[in-house]
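K.L.:
The structure follows.
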Amino acid sequence: MLKELMFKNFITKIAVEAGGILREKFGKIRGIKFKDKFGDPVTEADYASEKHIISAIRKKFPTHNILSEEDGNHNRQSDYLWIIDPLDGTSNFTMDIPFFCVSIAVARKNKILAGVIYDPIHSELFFAEKGNGASLNGKKIAISNVSKSRLSRVMMAWNGINAKTLDVLKMFSDNGFAKVRAIGSAALGLAYVAAGRGDAYMSLGCKLWDVAAGVIIISEAGAKISDISGKKWDFQSSTLVAANKILHSKITK
């Protein structure tokens with residue numbers, strides 16, 4: 001219990017601190033680099049947030065492993081792994097769209113223990129720890145119970161428009177899903193569905209740092225989780241579906 005409390009206090013503290021760095025730099029970014037063929041951007045804000053988070057983890061837990069979007073994998077042969085996206089929604093950030101977040105999770109032996117997603121613009125902190133439910137700014141949250149496709153709102157994240165993306169969008173159309181939204185932050189999409197602001201979530205081509213914190217938050221909020229084929233989601237999965245059991249079965253059938 002003491003270790004769980006230590007993780008909660010620490011992980012939320014560093015997420016809020018990193019969010020403060022992002023908030024300070026928002027609207028002031030000049031230099032933008034692109035990492036891949038999809039035009040995935042990275043900025044000085046990504047690096048500054050990441051540096052702060054990793055430094056804090058190294059000071060508090062020097063033997064723990066770290067996996068971070070920009071700085072890669074720091075393997076110390078520990079059972080514990082910190083999974084970090086220092087700025088999820090960088091494209092939004094670079095275009096002065098106030099919809100981005102810090103996402104941090106901690107796992108032990110590939111089981112996520114706790115996760116936090118912090119939106120510094122709206123001062124919203126989503127948090128969950130294994131077995132203790134999910135919360136938004138300290139208040140319990142739960143997924144929606146919408147079961148009809150035509151009434152559901154699906155949050156999506158994908159890495160570029162390709163044949164797979166188009167096939168999935170066609171599947172939603174053929175099965176009567178009327179509203180599909182891509183909001184530019186995989187982590188916040190998961191957090192929003194966990195809080196009932198959407199009814200289902202799907203990610204195509206996701207990386208572990210995109211979804212790790214969101215996975216435990218939406219799981220603890222009551223969602224069923226799998227990959228797109230309905231198989232168990234794990235750290236190697238490249239797709240993710242999360243929803244209540246009825247909608248989940250309609251999406252993965």
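The values are calculated or read from the model by the stated rules, or taken from the named source; none is laboratory data. Given the structure is predicted, the values throughout are model-derived calculations rather than measurements. A quick note on method: Cβ atoms are made from the backbone with ideal geometry, for glycine too, and the neighbour counts reach across all protein chains shown.
K.L.:
Which members of the stretch 127-167 meet the condition of being under 24 Å from residue 41 (Cβ atoms) and either touching a Phe, Trp or Tyr at 6+ places or on another chain (Cβ under 9 Å) or outside the structural domain of residue 210 (by TED's automatic domain parsing) (or both)?
P.N.:
155, 156, 157, 159, 160, 164, 165
K.L.:
Would you confirm whether any residue within the stretch 149-163 is part of a loop (DSSP other than H, G, I, E, B), under 13 Å from the mean Cα position of the chain (by Cα), farther than 16 Å from residue 248 by Cα and touching a residue at least 12 places away in the same chain (Cβ under 8 Å)?
P.N.:
The answer is no, given that none of the residues of the stretch 149-163 is part of a loop (DSSP other than H, G, I, E, B), under 13 Å from the mean Cα position of the chain (by Cα), farther than 16 Å from residue 248 by Cα and touching a residue at least 12 places away in the same chain (Cβ under 8 Å).
K.L.:
Has the stretch 52-61 got at least one residue that is crowded, with 24+ Cβ neighbours inside 10 Å, of a type outside the set (Phe, Trp, Tyr) and not in a strand (DSSP E or B)? So that I can check it myself, show each step before the final result.
P.N.:
As a first pass, look at the stretch 52-61 and keep what is crowded, with 24+ Cβ neighbours inside 10 Å: 53.
Now narrow it down to the ones that are of a type outside the set (Phe, Trp, Tyr): 53.
Restricting the remaining residues to those that are not in a strand (DSSP E or B) gives 53.
The answer is yes; a qualifying residue exists.
K.L.:
Is one or more of the residues making up the stretch 21-29 modelled with pLDDT of 95 or more and touching a Pro at 6+ places or on another chain (Cβ under 8 Å)?
P.N.:
So far as the stretch 21-29 goes, yes, one or more of its residues are modelled with pLDDT of 95 or more and touching a Pro at 6+ places or on another chain (Cβ under 8 Å).
K.L.:
So the check is Cβ under 7 Å with 6+ separation or different chains; which pairs have a first residue in the stretch 225-253 that's over 18 Å from residue 111 (Cα atoms) and free of Cβ contacts under 8 Å to residues at least 24 places away in the same chain and a second one that's surrounded by 13 or more Cβ atoms within 10 Å (Cβ to Cβ) and not β-branched (Val, Ile, Thr)?
P.N.:
Close Cβ pairs (under 7 Å, with a partner that is surrounded by 13 or more Cβ atoms within 10 Å (Cβ to Cβ) and not β-branched (Val, Ile, Thr)) amount to 245/224.
K.L.:
Residue under question is residue 12, and the condition is that it be at pLDDT below 95, of a type in the set (Ser, Thr, Tyr) and outside the structural domain of residue 207 (by TED's automatic domain parsing); does it hold?
P.N.:
So residue 12 does not fit the description; no.
K.L.:
Please work out which one of (1) under 16 Å from residue 117 (Cα atoms); (2) outside the structural domain of residue 19 (by TED's automatic domain parsing); (3) not in a loop (DSSP other than H, G, I, E, B) is the condition residue 173 fails and give its number.
P.N.:
Unmet condition: (1).
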